[in-house]
Amino acid sequence: MATPPVSREAQANATLRNLQNKRPVPQIDFTVHTMDDGTQASTVERFNKDVQAPAVSIPTNDMFFSKTHPDRPDVNFLRNHFFREGRLSEEQAIYILQKGTDVLRKEPNLLEVDAPMTICGDIHGQYYDLMKLFEIGGNPETTRYLFLGDYVDRGYFSIECVLYLWTLKIWFPDSMFLLRGNHECRHLTDYFTFKTECKHKYSERVYDACIESFCTLPLAAVMNKQFLCIHGGLSPELNTLDDLRQINRFREPPTHGLMGDLLWADPLEDFGQEKSNEYFIHNHVRGCSYFFSYHAACAFLEKNNLLSIIRAHEAQDAGYRMYRKTKTTGFPSVMTIFSAPNYLDVYNNKAAVIKYENNVMNIRQFNASPHPYWLPNFMDVFTWSLPFVGEKITDMLLAILNTCSKEELLEDEAIFSNLADQTSGVHMAGSPTLPDGTTAAIAGSDVEMGSADEKEANRKRIRQKILAIGRISRVFSVLRTESESISELKDLMGTTRLPYGSLALGAEGLKRAIHSFEDAKRSDQENERLPPTKEEKVKEEHEKILKAIDEASHTPQSELDELTAMKMAEVKNTAAASLS
């Protein structure tokens, strides 16, 4: 029985009643968020009240300058401001760099400093660990410090380290001493993270001011007339301390010569147990400079009437390393100090400083401090979120393609098979008549089964596409789940692409990839080398092209024909797949 049509008047009355009796809009308190487990959290208050809120505004000059010394930045304000991830104006940052540069420029290549002294190794942009260092080593207002270089790169708070240390140098020029490391140069900071950081947080003008200031840093110090303090190591060109005084340090460090060796050289790994009497051999780990031997160190110390060489430049599991003692004094000939704990957030090493006072040397170790998280290489959140977006898109596409379940597809096949059987042998309209007057029965089954083969082929193609999308979905799922581990590995290895096989073991393989100091050091070894220059990169690419051409010219014609045939087949398959 048909339903009588509803009049327009009845529809209007029903609509009016709905409007008059509409439900009230629910009141939602957006200041409170309910978690999945039922707990509630405020959306207007900080979840962890122990952590200070980030500084979001540029300080005024009244806040920036000291009240007691109006020409100097306020040290206490800057320390807390940087701790809260605050930034300065470009002019304020350049003011600190220029004032610090004026102080550093007046100092000699070789500083002569007295005890007591706290000696610190590499910092590498770990500002929050630098704050811990000052807790362990003593307040810089009352403690004498000597830093051995490498303030920037690898860590994500390099500019904060530079601005704060330069501010301390402005305030305490006679008790805060800063030497140059191999990373304080344009070549390495461009290759690693410091230039990117400066451009991200400030500008290239600030970066250029930093590079100009780095070129004024002294190269070495003699502490208490007993210890030569340098960043790297000895050089075949270094015979006496006067050789250090003759260097022109106001420039980009060369890769060869005395200045480069002071920043790049290392003691031999088998230092003190060498099988030869060579003093210096090529440093294949760094790709430049030298390894110096125990005999080279002892000869230099004896000639210059020194007790030991204190250096940085190498990550140490315990934060320090004492090398073989000299036969004349019984004191370690070389000491390495490293002050960046849990280097790169993966080394799991301790950091250390040397405190020397009243002819007594103490080594104080400390562990890493928590710090705000930055995406690798200052990646923006949109780039970082691509694996998430990719996963969701493939999920949606897979859901669309999976509108029919496997059972429904099988049911369709059964129905189609029955229809094909029923049409078998049926007289087709327009069948030709034979001479004896009978009608030729064109096998309907042949016609229909031809169509059946096409439909089956279509079904197979759809299944293959669904499986392919499913695989892509799983790839994006793994990328999303393990994106942080993958990003950390890329960041550590200094590349945007992991080596082949890095992901072969899946999530567990990524977790086990770096779990000890030795693993981290081995993975990071390539980044300890002197990076290639732009000219060297162009030359390397040119040599690869020439090598490829040479290999192609010596390849037998049969192999070339086979490769051509394979490529043509691949092109045809790709074209056929796109058409389907």
- farther than 26 Å from F300 by Cβ and in contact with a strand residue (DSSP E or B) (Cβ under 9 Å, 6 or more places away or on another chain): does that describe F366? yes
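Answer yes or no: is there a residue in the range 290-308 that is basic (K, R), under 14 Å from L228 (Cα atoms) and open to solvent by less than 30 Å² (accessible area, probe 1.4 Å).
Step one: of the range 290-308, the residues basic (K, R) are 303.
Checking which are under 14 Å from L228 (Cα atoms) leaves us with 303.
The next check asks that each one be open to solvent by less than 30 Å² (accessible area, probe 1.4 Å); those that pass are none.
Checking the range 290-308: not a single residue is basic (K, R), under 14 Å from L228 (Cα atoms) and open to solvent by less than 30 Å² (accessible area, probe 1.4 Å).
Pull up the range 107-134, narrow it to residues that are assigned to a loop (DSSP other than H, G, I, E, B) and touching a Ser or Thr at 6+ places or on another chain (Cβ under 9 Å), then point me to the one that is farthest from Y164 (Cα to Cα). Spell out how you get there, then give the answer.
Here is the first cut: in the range 107-134, the residues assigned to a loop (DSSP other than H, G, I, E, B) are 107-109, 114-116, 121, 123-126.
This time we only want the ones that are touching a Ser or Thr at 6+ places or on another chain (Cβ under 9 Å), so: 107, 116, 121, 123-126.
Numbers: E107: 19, P116: 22, G121: 16, I123: 12, H124: 14, G125: 11, Q126: 12 Å.
Within the range 107-134, the match that is farthest from Y164 (Cα to Cα) is P116.
Filtering the range 343-362 down to residues that are of a type in the set (S, T, N, Q) and either modelled with pLDDT of 95 or more or more than 34 Å from the chain's Cα centre (by Cα) (or both), which residue is farthest from F227 (Cα to Cα)?
Narrowing the range 343-362 to residues of a type in the set (S, T, N, Q): 348-349, 358-359, 362.
Right, trim to either modelled with pLDDT of 95 or more or more than 34 Å from the chain's Cα centre (by Cα) (or both) and you get 349, 358-359, 362.
Values: N349: 26, N358: 14, N359: 12, N362: 15 Å.
Per the criteria, the residue is N349.
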- Please enumerate the residues belonging to the range 7-45 that are modelled with pLDDT under 85, open to solvent by less than 100 Å² (accessible area, probe 1.4 Å) and among the β-branched types (V, I, T). T15
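Among the candidates E357, E278, single out the residue that is surrounded by fewer than 17 Cβ atoms within 10 Å (Cβ to Cβ) and touching a His at 6+ places or on another chain (Cβ under 9 Å).
Working: E357 fails: touching a His at 6+ places or on another chain (Cβ under 9 Å).
Every option except E278 fails the conditions.
The values are calculated or read from the model by the stated rules, or taken from the named source; none is laboratory data. Treat the numbers as computed from the prediction; the structure is a model and nothing was measured. Here Cβ is always computed from backbone atoms with ideal geometry, including for glycine, and neighbour counts include all displayed protein chains. Areas reflect the complete protein model, heavy atoms only, side chains present, ligands, DNA and RNA absent. Shrake-Rupley method; radii C 1.70, N 1.55, O 1.52, S 1.80 Å.
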